[in-house]
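Notes follow once the structure below has been shown.
What follows draws every value from the coordinates through simple rules; no lab data is involved. Remember, predicted model here, so these are calculated numbers, not experimental data. All Cβ positions, glycine included, derive from the backbone under ideal geometry; neighbour counts span all protein chains shown.
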Amino acid sequence: MYHDDYHEIYDLVMRNRSKDYAAEAAHVAALIRARAPEAASLLDVCCGTGLHLRHFAEHFPEPAGLDGSAAMLSLARARVPHAPTWVSDIREMKVDARFDAVVCLFAISHLETPEELADVIGRFADHLAPGGVIVVEPWLAPEEFTPGYVSADLVEDGGRTVTRLSHSVLDGGRADRMRMRVHYAVADPAAGLRSGEETTRMSLFRPEHYADAFARAGCAAEHVTGGPFAGGLWIARRTG
Ligand SMILES: C[S@@+](CC[C@H](N)C(=O)[O-])C[C@H]1O[C@@H](n2cnc3c(N)ncnc32)[C@H](O)[C@@H]1O
């Protein structure tokens with residue numbers, strides 16, 4: 001989970017990457033529509049600062065968001081004021097509403113074990129309206145991860161300059177878990193310099209872990225490739 005002073009940096013950096021949130025949301029919306037043409041409500045789980053949610057709101061009249069970080073969610077609320085939102089850990093999520101689509105993008109790797117993944121997918125399924133669709137973006141599998149991977153961002157924004165550097169390694173010698181350290185710095189003409197750091201751990205689940213999690217949740221799932229998501233997407237519907 002991120003510290004509360006990191007949400008603005010995350011938002012600024014992600015907005016300035018080549019990641020095309022509008023295209024990603026349109027792709028997910030088309031996949032949902034192909035399976036549930038009348039879908040109206042969509043819950044974006046781990047919606048962060050709402051960078052997908054604002055585009056989902058163009059495709060679905062009833063968008064909603066959930067995230068474990070109140071700070072991240074505050075930016076999502078500002079972006080999509082008409083969307084109901086909930087601060088909740090997904091491992092405990094229990095919302096008094098059902099949705100035609102439950103999506104989780106760029107976030108599922110925060111779960112720690114395949115058992116936790118299966119439990120959370122079960123919670124997603126519990127929040128589906130009849131005929132509803134789950135969409136989950138997988139993260140890297142162990143063999144797709146490059147230990148020592150480095151990324152760098154430099155963003156200029158309204159007079160401020162922000163840098164973000166990351167370095168990722170396997171966590172504690174485990175082959176199925178990575179640790180990413182992030183250092184960031186902000187240079188503001190009036191406020192001067194400030195810097196901070198974050199450490200995030202992520203699981204490197206295998207395709208069979210996702211398939212098993214959906215099966216345990218009573219869902220028929222398929223892994224769909226193509227489109228803007230390098231690792232494709234898992235799409236599932238509850239059976240029975
Ligand atoms: C990398 S960000 C992705 C945000 C957004 N989906 C996007 O694509 O920009 C991961 C998000 O997952 C949230 N998150 C991580 N672990 C969580 C958990 N256990 N419960 C709820 N939210 C969690 C973080 O607060 C963060 O907003």
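Can you compute the helix-only [θ] at 222 nm over the chain? Use -39500 (n - 2.57) per DSSP H run of at least 4 residues, normalise by all residues, nearest 500 deg cm²/dmol.
-8000 deg cm²/dmol
Tell me, what is the percent relative contact order of the range 116-240, built from C-alpha pairs under 8 Å that lie six or more residues apart?
Computed over the range 116-240, the figure is 30 percent.
Among 39-45, 215-221, how do they line up from the highest to the lowest mean number of other beta-carbon atoms within 10 Å?
Put in order of decreasing packing, that is 39-45, 215-221.
Would you mind classifying the range 105-193 by shape? Square roots of the alpha carbon gyration tensor eigenvalues, ordered a ≥ b ≥ c; an a/c under 1.5 is rounded, otherwise it is prolate if a/b is larger than b/c and oblate if not.
Oblate, because a/c is 1.5 or more while a/b does not exceed b/c.
Report, in degrees rounded to the nearest 10, the 0 to 90 angle that the Cα long axis of helix 21-35 makes with the longest principal axis of the chain.
The angle comes out at about 10 degrees.
Would the range 28-124 count as rounded, prolate or oblate if I go by the C-alpha gyration tensor, calling it rounded below 1.5 in a/c and otherwise prolate when a/b exceeds b/c, oblate otherwise?
Oblate is the answer for the range 28-124, as a/c is 1.5 or above yet b/c matches or exceeds a/b.
Take each of the peptides 78-89, 125-136, average the number of other beta-carbon atoms within 10 Å over its residues, and list them starting from the highest.
Most protected by this proxy first, the peptides run 125-136, 78-89.
FRET efficiency for residue 97 and residue 175, Cβ-Cβ distance as r, R0 = 45 Å, nearest 0.05?
Efficiency for this residue pair is about 0.70.
What nm value, rounded to one decimal, do you get for the distance between residue 89 and residue 167 when each label is placed 7 Å out toward the C-beta?
Between residue 89 and residue 167, the label points sit 3.0 nm apart.
For the chain, find the longest principal axis of its Cα atoms and tell me its angle to the long axis of helix 114-126, 0 to 90°, nearest 10.
60 degrees
Where the centroid of each part is defined by its Cα atoms, how far is the range 26-99 from the range 134-159 in Å?
The range 26-99 and the range 134-159 have Cα centres spaced 22 Å from each other.
Based on the Cβ-Cβ distance from residue 58 to residue 195, what FRET efficiency comes out when R0 is 41 Å, to the nearest 0.05?
In this case the efficiency is close to 0.65.
For the chain, what Kirkwood radius comes out of the mean inverse Cα-Cα distance, in Å?
18.5 Å
Hey, what angle do you get for helix 207-216 against the long axis of the chain, alpha-carbon based, 0 to 90 degrees rounded to 10?
In the chain, helix 207-216 runs at an angle near 50 degrees to the longest axis.
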